[in-house]
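FYI, it's all coordinate maths here, none of it is from the lab. Note that this is a predicted model, so its numbers are computed, not measured. Positions of Cβ are generated from backbone atoms using ideal geometry, with glycine treated the same way; all protein chains shown enter the neighbour counts.
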């Protein structure tokens, strides 16, 4: 059975791109979310194996979403997807429980590597 | 656990050291006013604190001494008596003993540490250079390790990493290091993972993010190597320029910048504050003036200025020497001061400041000043000048005699002149660090000795000039300006060649004459390359054949027997690999002056 992934990003374009990369890599994109609170809801609803999480989003930030998800599921596997220069936010997200990160703009191989690393933990 | 104790020990040493320094000031104040209950209470309180601290760490001897002093002081406090001189001396002795015990602590702890139970090893982790977010990568690694192992120590600290203060290297201490190392190696963005053995660690401890302890000999070696690098680079530049290949230019520039940075960092690492010596002065003044039965205070300014540690070593004896002169020969006895209507309390002021690339240290006393007549008389008796010259000699020139080796002895002149012991020694010490010394004095007002020296001894800025077909380096410290002038602007005044420059008349010397090189008159240029040299507040014009510009050079001491030649302070290697002598401008000016006066 394919690994289920939840993609969280406020830009549709980014969700589409990430989705294509993951599907090509053999993963199943089970759900998408456009902000933090939606991400928490979708996580509870679909119980995915992995989440890719943008940081700066309306409504609820990616960091708060990580905190909420980890509170509900300490084993959650979350990969942050962040723009260059947001190091302190990424550090905060990792402290909050995210397992790894990918820097935007990304190479497809980078995304797949990070996802694989986190799944292997 | 061991790290904790070590941290406490360091904290104890640091804090106790601060207390001792504070005590030193307080007890000196207390001595001046033994009835001051507030100061007495504070001194008492500090000894009590030291006692408590030392007891906690089981330093029995420190505890015992501070307890004893505390008891004595308490008795004085309760009886309402005034602290006697004997008791104050005892307090000082106790402080000295504690200071020594504290300074020995570190050594014992280091030994204990080696003997103690082994600590977990340290894992050094180097990230890939082009890693985008090193802090985030480090955090991922730390979190991953934490899932399996307790991390005992991280450097930089967790907080620093959190706030992004990390380059591409960090260290962690944890057990099961081999397994952890293997795990880290499989992770993203790792360039190298290495387990550091304890003996290696001793040289570069990971604890304390502020810094590491480095062997001074290694620092000296490092500076030497940087020095060699500067020289060989300068040779390389010359070679490549001769070949005229423009492609090299960019690489050379980059290289030059890196070497410059390296040089600066090495220089910075070697800096220590003047306070290392200056802080000793109050106690020194107190002890010596007490012995002589004089009363005085000392003011210190600029103790936080940092200088190269070898420079500090070079000037510490002369400084102590000058302070002693001020106490012993400068400041008068109370009766004498009263008669002169001066404040009973003598005053010594030590001021350090940075002036351009140099450090200036002035030692001033408000004592009796130097009796110039006595100095002049002695110079005459020693045959240093002729009777006819006595009337025309300036005050400055008189004082200059004091720097002649063997000019004075304490028996003969110091009682009259107020100063003069060993000024030649001070001058020699300053010469060896590439500096100069000057003296100003006024009868019954006091004396000021100024010492000027470059920030660093090893690498200095020089101006390269040609004279008589040879190359010479002049320390920039003394070069005021350079310009070309037509020969017709030279004039003669009392049979001496002079130049009038912006309303001042400056004596003129030709470098080739000074160095005893016979120059060919046909070759002589009608346009003169002139340099204004300022030495010890005295200016003169030096004429050379050619300017080659300024550059940083590494000073090497002259090998024996050349080191006895007074015209040179050292030697350096310039671009083309040729050795070049560095001129001792204060010495040259001094000698020229008296040769001319004599003729």
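When each of B:53, B:453 is scored by the number of other beta-carbon atoms lying within 10 Å, the sequence from fewest to most is B:53, B:453. With 25 Å as the cut-off, how large is the P(r) tail for the range B:2-115, expressed as percent of Cα-Cα pairs? In whole percent, the share of Cα-Cα pairs in the range B:2-115 beyond 25 Å is 24.
Given bins 10 angstrom wide, list per bin the percent of all Cα-Cα distances in chain A, short to long. Using 10 Å bins, I get a P(r) of 15, 54, 30, 1 for chain A. Across chain B, the convex hull enclosing all Cα atoms gives 219 Å³ per residue. Reducing the range B:320-341 and the range B:356-375 to their Cα centroids gives an inter-centroid distance of 13 Å. A simple spin-label model places the labels of residue B:153 and residue A:70 2.7 nm from each other, with each point 7 Å out along Cα-to-Cβ. For the pair the range B:473-506 / the range A:47-119, the C-alpha centres are spaced 73 Å from each other. Divide the volume of the convex hull around the Cα atoms of the protein assembly as shown by the residue count and you get 257 Å³ per residue. One chain, two ends: residue B:382 and residue B:100. Fully extended at 0.36 nm per residue, the span grows by 96.8 nm beyond their Cα-Cα distance.
With the convex hull drawn around the C-alpha atoms of the range B:216-269, the volume per residue stands at 51 Å³. With each label modelled as a point 7 angstrom along the Cα→C-beta vector, the residue B:515-residue B:261 pair spans 3.7 nm. For the range B:242-314, taking Cα atoms only, Rg and Dmax work out to 22.8, 74 Å respectively. Using a simple spin-label model with pseudo-atoms 7 Å out from Cα toward Cβ, residue B:565 and residue B:160 lie 5.0 nm apart. Using the alpha-carbon positions of the range B:122-197, Rg (one decimal) and Dmax (whole number) come out as 11.0, 30 Å.
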